[in-house]
Amino acid sequence: MSPFQGYRGDGVLAGVRSRKRVFASAADEPVTAAAPKRQKRREEPSLDALPDECLFEVLRRVRGARARCASACVSRRWLALLAGIRASEAVLVPPAPAVPDLNMEYLGGEDDDEEEADLMDHDGDARERTFEGKEATDARLTAAAVAGRLAAVSVRGSHPARGVTDVGVSALARGCPALRSLALWDVPQVTDAGLAEIAAECHALERLDITGCPLVTDKGLIAVAQGCPELKSLTIEACSGVANEGLKAIGRCCAKLQAVNIKNCAHVDDQGVSGLVCCATASLAKVRLQGLSITDASLAVIGYYGKAITDLTLARLPAVGERGFWVMANALGLQKLRCMTVASCPGLTDLALASVAKFSPSLKLVNLKKCSKVSDGCLKEFAESARALENLQVEECNKVTLMGILAFLLNCSPKFKALSLVKCIGIKDICSAPAQLPVCKSLRSLTIKDCPGFTDASLAVVGMICPQLENVNLSGLGAVTDNGFLPLIKSSESGLVNVDLNGCENLTDAAVSALVKAHGCSLAHLSLEGCSKITDASLFAISESCSQLAELDLSNCMVSDYGVAVLAAAKQLKLRILSLSGCMKVTQKSVPFLGSMSSSLEGLNLQFNFIGNHNIASLEKQLWRCDILA
């Protein structure tokens, strides 16, 4: 029990009645003319009268999170003194002698210590704190640090006038020596001094994320490297003061480093990246490099020393050429590479991509974004080499055409499961079909999104070559009509589970009715957002045929109150999420039907319609378990 439990700040302990001071009577003292008639009552003693050194000695003997928090609320002076107490400086008060305490019952008994110990641990999220925007100040961070026991702290942004500085970070380090995760995003006033305090106190730190901190330099990273040997994950983004020496130190000292993310740091070049990868070759599994001025030399080092790398992301590296990717692959070090993402790298060519596939036998996922030199020429060889490949994602690679995709599917591994084509102008109808159409029975997920040249003819071919599809995303294909979608439905031998038709404005009720009649027993997610020709007829078919549907998006469709009533009356439907946003024919007449829907409903979107705020309030009372967005 803290000796300052219930302290009011005026020298009086709550719950303990102060004893009246006793003065001698006039009969007991000789009466003299010089003696005053009344003695002045002495002022009550106060801890605030103590100098900082003495008060520091008192406060470092306060035990328990609750007592420290109560003491910190007394004044800013007490808060500052408590924030300056390191965990190693706290004095453990010896146990009191076994003498009965008559006040124990009033003060709470021995259980208070257990309650204080559990104050921060009874809730799993209590060990994590996030300070965002105007709430991110030194005072708030210090107050949280005084309670201690925090394992993860995130600071996102900062107060414009009283933002987080080294003072708050230092208080956090002293108060929470067991800190394991620290994220500082857009905190421009934090410098190397704050990181040095973290390194000096938080030796168990495992994750460090520094984003948008221009005053942090190599000195801060070197301090972290020397003081935090348990570091496993490091993210440095948009820190103009960070260069090569800090990364080298991290590689030398942090033997357990598993993930590194270096992004938009202008002064980081080949020396920093190479030094980090060379030293951390045994443990480094995840590498992300973006917006750096590195060259082919860094990729050569990654290819040779990246023996533990399983996840590699290379984005916006203009100085890296075809030779860098080729050497990286032929160095034979990426034997464990499973996932690779390459974005906006002009050096990735057909030859480079084929080499990566050939010498990375464990490769399962490849994501290509804005790779302007990748074309159909390498897709066949790529498919033949990447025998473990399961997922291929291609976005804004305009030299890739449908002929190349068909050649890839004809030669792909039996393990291949997912294909995604997004914003590829080259994916469009072909004039003549190839002599041999592939049949890819292993493909389960297909995304063709925002490819304006992809129409009914191409979709019908897709249905023929992919008979085992379960997940289909055709978002943004405004040219697709019922004539192309119906063959896809009929050719699907296994039941469709997730279907996203967002923006397919030419699909009608006939397509939706055919879809739910053929796959209603397996369909779990259906999105019809922006399908302006969908009416109540589709809802009638859904209510009759769908038994597993959990999520239904009808945003900006032409459904009305009648369709809502039909959905509400379908007892076999167990919808969890329903969106009626922008359905202008849905009015207040739908309120009783929505209120009677199944208790399984967890999310309801009623934005931009004519239900009205008063009716929304009524619905919130009826569907009290449901999150309503209006």
Subject >> In region 280-313, the residues that are closer than 26 Å to LEU215 by Cα, among the hydrophobic types (A, V, I, L, M, F, W, C) and over 27 Å from the mean Cα position of the chain (by Cα) >> reply: ILE294
**OP:** Answer yes or no: is there a residue in region 412-422 that is under 15 Å from LEU353 (Cβ atoms) and either buried (at least 17 other Cβ atoms within 10 Å of the Cβ) or in contact with a strand residue (DSSP E or B) (Cβ under 8 Å, 6 or more places away or on another chain) (or both).
**Re:** yes
Original post:
Does any residue of region 282-296 turn out to be buried (at least 19 other Cβ atoms within 10 Å of the Cβ), modelled with pLDDT under 95 and either on the phi < 0 side of the Ramachandran plot or not small (Gly, Ala, Ser) (or both)?
Top reply: no
Original post:
What number of residues within region 607-628 are open to solvent by less than 50 Å² (accessible area, probe 1.4 Å) and either assigned to a helix (DSSP H, G or I) or in contact (Cβ under 8 Å) with a residue 40 or more places away in the chain (or both)?
Top reply: 5
Subject >> Yes/no for LYS219 being surrounded by fewer than 19 Cβ atoms within 10 Å (Cβ to Cβ) and of a type in the set (Lys, Arg) >> reply: yes
**OP:** Return yes or no: is VAL439 at pLDDT below 90 and crowded, with 19+ Cβ neighbours inside 10 Å?
**Re:** no
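Residues are listed down the side, and each one gets a yes or a no for (1) among the charged types (D, E, K, R); (2) farther than 17 Å from ALA537 by Cα:
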residue: LYS571; (1), (2): yes, yes
residue: ARG576; (1), (2): yes, yes
residue: GLY582; (1), (2): no, yes
residue: LYS585; (1), (2): yes, no
residue: SER590; (1), (2): no, no
Original post:
From the set of residues in region 467-506 that are open to solvent by less than 20 Å² (accessible area, probe 1.4 Å) and of a type in the set (S, T, N, Q), which is nearest to PRO438 (Cα to Cα)?
Top reply: SER492
Subject >> All positions within region 164-192 that are among the hydrophobic types (A, V, I, L, M, F, W, C), open to solvent by 10 Å² or more (accessible area, probe 1.4 Å) and assigned to a loop (DSSP other than H, G, I, E, B) >> reply: ALA178
Original post:
Out of all the residues in region 297-332, which are among the small types (Gly, Ala, Ser), under 14 Å from GLY272 (Cβ atoms) and open to solvent by less than 10 Å² (accessible area, probe 1.4 Å)?
Top reply: SER298
Original post:
Taking region 584-606 as the search range and keeping residues that are out of contact with any helix residue (DSSP H, G or I) (no Cβ under 7 Å at 6 or more places or on another chain) and not in a strand (DSSP E or B), which one is surrounded by the most Cβ atoms within 10 Å (Cβ to Cβ)?
Top reply: LEU601
**OP:** Considering each residue of region 376-400, count those that are open to solvent by less than 30 Å² (accessible area, probe 1.4 Å), assigned to a loop (DSSP other than H, G, I, E, B) and touching a helix residue (DSSP H, G or I) at 6+ places or on another chain (Cβ under 9 Å), and give that number.
**Re:** 3
Original post:
Among the candidates LEU353, LEU348, which residue alone is in a loop (DSSP other than H, G, I, E, B) and in contact with a helix residue (DSSP H, G or I) (Cβ under 7 Å, 6 or more places away or on another chain)?
Top reply: LEU348
**OP:** Within region 401-413, identify whether any single residue is in contact with a Phe, Trp or Tyr (Cβ under 8 Å, 6 or more places away or on another chain), free of Cβ contacts under 8 Å to residues at least 60 places away in the same chain and not in a helix (DSSP H, G or I), and answer yes or no.
**Re:** no
Original post:
Which one of these is buried (at least 20 other Cβ atoms within 10 Å of the Cβ), within 36 Å of the chain's Cα centre (by Cα) and small (Gly, Ala, Ser): SER527, SER547, SER522?
Top reply: SER527
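The values are calculated or read from the model by the stated rules, or taken from the named source; none is laboratory data. None of the values given here were measured: they were computed from a predicted structure. Neighbour counts are summed over all protein chains in view; Cβ atoms, including those assigned to glycine, are modelled from backbone coordinates with ideal geometry. We work out accessible area using only protein heavy atoms, side chains counted, and drop any ligands, DNA or RNA first. Shrake-Rupley method; radii C 1.70, N 1.55, O 1.52, S 1.80 Å.
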